[in-house]
Amino acid sequence: MSIRKWLEETKNSGIKLGFTNCEVLLERLGNPHLDFPSIHVAGTNGKGSLCVQISALVRANNLKVGLFTSPHLITIEERIRINGVPIAPEDFDVFLTRIHEASLIEPVCYPTFFEVTFLLAMVVFSENKIDRAVIETGLGGRLDSTRLVDADLCVITTISKDHTEFLGETLEEIAFEKAGIYREGIPLFLSRSENLSQSVLKVISDKVGDDLLIIESDKDLSNWQNWNVMTQKIAQFFKWDYLEVECKWPGRSPDYGNSWFDFPVKICAAHNKEGFQSELSNIFNPSVFIIGVTEKADILDTLSPFLKDFYHESIFHHLIFTEPLTGRNNSVDAEELERLICSRSETSREVIKNPVKAIQEASKICEIDDVELVIIGSVYLVGDVLNYIISRDNLNFWEELRVHR
């Protein structure tokens, strides 16, 4: 069996919260996760955007930085970056083989797909002698394998409903899980927006106590700008120089993808109700929308921001429903998506299941009608778009996946 086939087969283990697998395997691998300090980031939305800005900041201070994020857009190597660049496939395979061999030691261990990628990141970072890691939580926090890293700062971005089948039905339950990244004596920064209720704040403050530092979110700033403010606070905490960092994060950073088309485009990776509300509230001009999402526990609630009459009357020039080509979860059927979003409206729309064909058709409409394009939905849809553009424009694949210098 090839090493990549073994990795694919670990997906059959599904999602498994808890530390048993990783504690055993990390010890067999020599505890590489203890070779460097980490900034550990949890939250419902904004984790990746904050992590990439922190990574760029660390690098700007002449430190060698490892960045672990999930999921990936196109290729799994994206999950593990050093100084902003994904590791090479051949290096990935070498270290993956080491994880596999460690799992075969008696008693045999059966890690999940996510656990393997986390373990691999720890080995890669250790072998490359990084100065610091920036670690994005996979799911929740309290029982997520990333909880094992040696963190000297923890951060929570936002608290909203997502993965309720694992984290709980209420915001308070979800907050408890995410606050579980806290380690006694280690500061935890919490971004507080006007949407953060007192009951949720109490759950976190009861857990963290005097180690809690609240960073107020500014409603007049974009999400990206608010994470930039958080990055400045982190620079102050570590007494680093705050340098104006340049980085990109697909589907989140400002103007991402603007150079790809001859008309204005906004590419929005959003995966839950809060994310869709935030993105839609910042779209002001009539636009063609390409929408594609993956399955959720409560898909109707997730899509509820799209049901507002204002958007159908003033913003939705034309809707194209599509289906992301890849992803851990199945795509929501494009025709079902159309039914859920347009059941009460006569909005101009069509179903084009192939996202590449959807982009091509949307481009024609934008050029003819002189309107803007919005591509919104699953991060995997963003990956499909990026993959198409790389092929169309013959771009350097790995350079496009670099997130900062």
Inset, instruction - Of all alpha-carbon pairs in the range 258-400, indicate the percentage at a distance above 19 angstrom. - result: 48
Legend entry - Cα-based equivalent ellipsoid, the chain: semi-axes from gyration tensor eigenvalues, Å: 34, 25, 21
Inset, instruction - Give me the number: length gained by fully extending Asn258 to Gln232, i.e. 0.36 nm times residue separation minus the C-alpha to C-alpha distance, one decimal in nm. - result: 6.7 nm
Legend entry - Computed P(r) (all Cα pairs; the range 232-286; 5 Å bins; percent): 4, 15, 17, 18, 15, 13, 11, 4, 1, 0
Inset, instruction - List the aspartates and glutamates whose Cα lies under 13 Å from the Cα of Lys248, skipping any in the same chain that are fewer than 8 positions away. - result: Glu399, Glu400
Legend entry - Partners for Lys353 among lysines (Cα-Cα distance below 19 Å; same-chain residues under 8 apart left out): Lys296, Lys364
Legend entry - Low-density loop positions, GluC sites (Glu not before Pro), the range 323-405 - DSSP coil, at most 16 other Cβ in 10 Å: Glu346
Legend entry - Nearby lysines by direct alpha-carbon distance to Lys64 (threshold 18 angstrom, same-chain neighbours under 8 apart not counted): Lys129, Lys239
Legend entry - Test item: Cα-centred dipole of the chain, Lys/Arg +1 and Asp/Glu -1 on Cβ, debye: 620
Legend entry - Nitroxide proxy distance, nm - points 7 Å out along Cα→Cβ at Asn354 and Val108: 4.1
Legend entry - Taking all pairs of distinct alpha-carbon atoms in the range 3-238, Kirkwood radius in angstrom: 18.1
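In the chain, which helices (entire DSSP H runs) extend 18 Å or more along their own long axis, judged by Cα positions, while averaging at least -1.0 on the Kyte-Doolittle scale?
TM-like helix candidates: 47-60, 89-103, 113-127, 223-238, 355-369, 379-392.
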Legend entry - Those trypsin sites (Lys or Arg not before Pro) in the range 189-253 that DSSP places in a loop and that have at most 15 other beta carbons within 10 Å: Lys219, Lys239
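Here, each number is a calculation from the coordinates, and none is a lab measurement. It should be emphasised that the depicted structure is a prediction, and the values quoted were computed from it without experimental measurement. Cβ: placed from backbone, ideal geometry, glycine included. Neighbour counts: every protein chain shown.
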